Amino acid sequence: MPAYAPDTPPARGDAGRRLASALYRRPRLQLGLLLSAPIAWLVVAYLGSLVILFVNSFWRLDPFTGTVVYEPGLQNFERLASTEVYRTITVRTLGIAAAVTITDALIAFPIAYYMARVASPRTRGWLVVTILMPLWSSYLVKVFAWRIILQDAGPLNAILRPLGLEGPGFTEGEIRLWLCFSYLWLPYMILPIFAGLERIPTSLLEASGDLGARGWATFRRVVLPLAFPAVVAGSIFTFSLTMGDYIAPNQLSSVQFIGNVVQSNVGVAGDLPFAAAFAVVPVVVMLVYLAVARRLGAFDSL
Amino acid sequence: MPASRATRIGLRVATALGLAFIYLPLAIIFVYAFSEARALAWPIRGLSLRWWEQALTDPEAIDALVTSIQAGLGATAIALVLGTLLSFAVQRYRFFGREAVSFAVILPIALPGIVTGMALNSTFRTFGIDLSLFTIIVGHATFCVVIVYNNVLARLRRTARSIEEASMDLGADTWQTFRFVTFPVIRTALLAGGLLAFALSFDEVIVTTFTTGGDQTLPIYILKLLSRDPSPAVNVVAIVVILLSAVPVYVATRLSSDTGVAGGRA
């Protein structure tokens with residue numbers, strides 16, 4: 001709702017007016033005033049921290065004194081590349097992140113399609129709220145829910161055992177994590193795809209039909225290519241959130257993610273330069289991922 | 001292309017299953033909060049409110065709630081100011097590095113939490129800044145800025161610039177135009193962005209574990225309960241957290257559904 005200015009503008013000192021018109025004539029100055037604080041924040045608080053993380057990853061820990069030696073070197077990265085355990089952890093983290101992303105895309109697409117193109121406007125509004133609410137509701141609560149569901153005497157086994165089946169146990173950590181992460185990040189995939197599908201003009205689909213394409217052909221050759229950037233946008237979240245997690249692996253399994261190694265090296269007895277080096281790995285992966293996503297047009301769907 | 005009847009039914013079933021998948025685990029959390037027994041075996045044994053009494057009178061839980069609210073308010077305040085300034089700059093001006101800025105601002109939500117957490121932790125250590133409520137707020141603000149930025153940016157994109165020009169033509173100066181025209185247009189977007197930023201901060205745990213000193217936010221408190229042998233009291237805290245974050249999110253969704261002032265249709 002636009003508000004209307006009252007008939008009599010409030011009295012204002014000459015100084016205020018002069019400043020206003022001075023600013024009006026200098027758009028560059030306006031821009032400078034708008035940008036200085038946020039840029040300072042981004043550079044100091046965020047990008048600066050990333051640089052410091054990067055720099056830290058080249059220091060090393062003296063194994064005897066336990067203090068950080070400030071001589072740049074690649075020893076942390078050499079250790080990451082040459083140690084079997086860390087290679088396994090990296091492959092596992094990225095592998096589960098990829099599996100979760102694919103799973104979520106497959107589950108999310110029909111739901112998003114129903115919301116965007118089949119449901120009535122009323123149902124659509126209701127569904128958006130219904131799917132948005134758990135997206136923001138506590139992450140830890142959801143991890144805990146899966147811990148309860150998957151425990152040996154839990155609800156899942158109560159259903160499966162009479163059928164002669166068994167849910168994934170504590171030793172099948174990868175499967176448990178795949179389930180839990182697919183659950184956790186599903187709304188992050190549904191919403192961008194929904195927004196992407198909603199933006200497709202109905203006239204394009206009608207044109208496709210007029211040109212003789214059947215439902216499936218229209219879907220594959222019109223809808224899917226147009227919705228693909230939105231899927232990529234959603235995948236940024238499902239992939240990144242899975243890759244950066246360490247709490248669910250702790251709670252649900254005995255397997256380690258990159259985050260577990262990073263986190264356990266931050267404590268008093270930890271090896272901070274090594275933790276920093278391992279944290280650089282997801283940064284590099286995500287920067288490549290984002291660069292590809294940007295080329296695919298995903299940023300307009302964020 | 002109206003979907004065929006079979007397709008529609010299939011999609012409806014898929015959606016129903018999807019919703020069940022999303023809500024069943026939350027329902028299980030809810031059921032256990034009323035369990036009589038301490039063990040979390042299925043099915044629950046007996047009904048009781050004793051975990052509610054225990055959880056809601058725990059002074060540690062109340063302290064954690066207060067800390068969470070403080071952190072959320074601090075981070076939201078920073079996010080509102082910086083996010084709004086940034087969205088105006090990116091939407092209203094063309095400048096060198098604009099693309100880079102709009103890319104940098106989404107990094108905090110695109111990069112994993114351990115990266116943000118570890119980066120901030122390294123920085124605080126390097127400069128000898130003690131971990132405290134202040135560092136928690138800084139950590140939360142990094143990703144809250146994006147939320148406000150996105151909300152205000154979307155509103156500005158939907159709003160015709162001409163109404164501001166009309167205001168200026170009618171003799172209003174920059175301040176009056178902002179006060180009486182621009183601000184009312186973005187007001188609900190600010191509120192929605194602020195509420196979502198608060199909800200995000202209220203729920204954040206991974207970055208917080210890297211930036212907290214002795215302070216316990218509610219998620220940190222829950223994490224501590226989870227690392228011991230959790231009783232149904234955790235479920236009670238969980239339900240309170242869900243409800244507390246559901247309200248702002250619900251209000252925010254309602255607020256963002258009304259459009260800005262579109263050209264010609266105002």
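Quick note: the coordinates plus some simple rules give every number you see, no bench work behind them. These figures come from a predicted structure and were not determined experimentally. Please note: Cβ atoms are built from the backbone with ideal geometry, for glycine as well, and neighbour counts cover all protein chains shown.
In a Gaussian network model over chain A where Cα atoms closer than 10 Å are linked, find which of A:Pro229, A:Pro72, A:Pro282 has the largest mean-square fluctuation.
Answer for the Gaussian network model of chain A: A:Pro72.
Take peptides B:165-176, B:131-142 and line them up by average Cβ neighbours within 10 Å, highest first, as a rough protection proxy. Could the numbers behind the result be given before it?
Values: B:165-176: 15.7, B:131-142: 22.6.
In descending order of packing, they fall as B:131-142, B:165-176.
I'd like the mean, over residues of A:76-88, of how many other protein chain beta carbons sit within 10 Å of each residue's own Cβ. Intermediate results must be reported in sequence, preceding the final value.
Values: counts 0, 0, 0, 0, 0, 0, 0, 0, 0, 0, 0, 0, 0.
So the per-residue partner count for this stretch is 0.
List the trypsin sites (Lys or Arg not before Pro) within the range B:1-80 that fall in a DSSP loop (any state other than H, G, I, E or B) and whose Cβ has at most 16 other Cβ atoms within 10 Å.
Passing both the DSSP loop test and the Cβ count: B:Arg38, B:Arg45.
Is there a simple number for the mean count of other chain Cβ atoms within 10 Å of the Cβ of residues in A:42-48, and what is it?
Mean partner-chain Cβ count within 10 Å for A:42-48: 6.
Work out the length of the dipole vector of chain A about its Cα centre, built from +1 on the beta-carbon of each Lys and Arg and -1 on the beta-carbon of each Asp and Glu, and round it to the nearest 20 debye.
1080 debye
Count, for each residue of B:7-13, the Cβ atoms from other chains sitting within 10 Å of its Cβ, then give me the mean as a whole number. It would help to have the intermediate numbers written out before the result.
Values: counts 7, 4, 0, 2, 10, 5, 2.
Shielding by partners across B:7-13 averages 4.
For a bin width of 10 Å, list the pair-distance distribution of the range B:162-215 built from all Cα-Cα distances, rounded to whole %.
Bin by bin from 0 Å, the calculated values are 21, 27, 19, 16, 14, 3.
Of B:Lys224, A:Lys142, how do they rank once you tally other Cβ atoms within 10 Å and put the fewest first? Mind showing how you got there, number by number?
Details: B:Lys224 12, A:Lys142 21.
So the residues, fewest neighbours to most, are B:Lys224, A:Lys142.
Sorted from largest to smallest, which semi-axis lengths in Å does the alpha carbon gyration tensor of the range A:174-302 give for its equivalent ellipsoid, taking the root of 5 times each eigenvalue?
Gyration-tensor ellipsoid for the range A:174-302: 40, 16, 10 Å.
Enumerate the amide H contacts of B:Ser35 below 5 Å, restricted to partners 5 or more residues apart or on another chain; note that Pro and chain-start residues carry no placed amide H.
HN-HN under 5 Å from B:Ser35: B:Ser48.
I'd like the projected area of the range B:102-195, averaged over all directions, using the convex hull of its alpha carbons. Report it in nm² with one decimal.
8.0 nm²
Compute the relative contact order of chain A as a whole-number percentage, counting only Cα pairs closer than 8 Å that sit 6 or more residues apart in sequence. Could the numbers behind the result be given before it?
On the way: 313 pairs, mean separation 70.2, N = 302.
In percent, rounded to a whole number, it is 23.
Taking R0 as 41 Å, what FRET efficiency do you get between B:Arg228 and B:Val81 from their Cβ-Cβ distance, rounded to the nearest 0.05?
That gives a FRET efficiency of 0.55.
Which whole DSSP H helices in chain A pass both tests: a Cα extent of 20 Å or more along the axis and a mean Kyte-Doolittle value no lower than 0.5?
Helices meeting the span and hydropathy rule in chain A are A:27-41, A:84-113, A:121-136, A:173-199, A:224-243, A:272-295.
Which of A:Val44, A:Val91, A:Val292 moves the most in a Gaussian network model of chain A with Cα springs under 10 Å?
A:Val44
So if I restrict to the alpha-carbon atoms in the range A:258-299, what is the Rg, and what is Dmax, the biggest pairwise distance, in Å?
14.0, 45
So which DSSP H runs in chain B come out at 18 Å plus along the axis (Cα) with average Kyte-Doolittle of at least 1.0?
TM-like helix candidates: B:5-32, B:59-92, B:98-110, B:133-158, B:183-203, B:232-257.
GNM on chain B, C-alpha springs below 10 Å: top fluctuator among B:Leu47, B:Leu196, B:Leu218?
Highest fluctuation among the options: B:Leu47.
Filter the chymotrypsin sites (Phe, Trp or Tyr not before Pro) in the range A:167-199 to those in DSSP coil with at most 15 other Cβ atoms within 10 Å of their Cβ, and list the result.
In loop regions of the range A:167-199 (DSSP not H, G, I, E or B), the sparsely surrounded chymotrypsin sites (Phe, Trp or Tyr not before Pro) are A:Phe170.
Pairs of Cα atoms under 8 Å, at least six residues apart: use those to get the relative contact order of the range A:99-181, whole percent.
Details: 34 pairs, mean separation 19.9, N = 83.
After rounding, I find 24 percent.
Please state the charge dipole magnitude for the range B:1-97, taken about the Cα centre, from unit charges on C-beta atoms (+1 on K and R, -1 on D and E), reported in debye and rounded to the nearest 20.
800 debye
Which one, B:Ala55, B:Ala6, B:Phe34, projects farthest toward the positive side of the charge dipole computed for the range B:1-121 from Cβ point charges (K/R +1, D/E -1)?
Value: B:Ala6.
In 20 Å bins starting at zero, report the fraction of Cα pairs in the protein assembly as shown per bin as a rounded %.
Answer for the protein assembly as shown: a P(r) of 19, 51, 27, 3, 0 percent.
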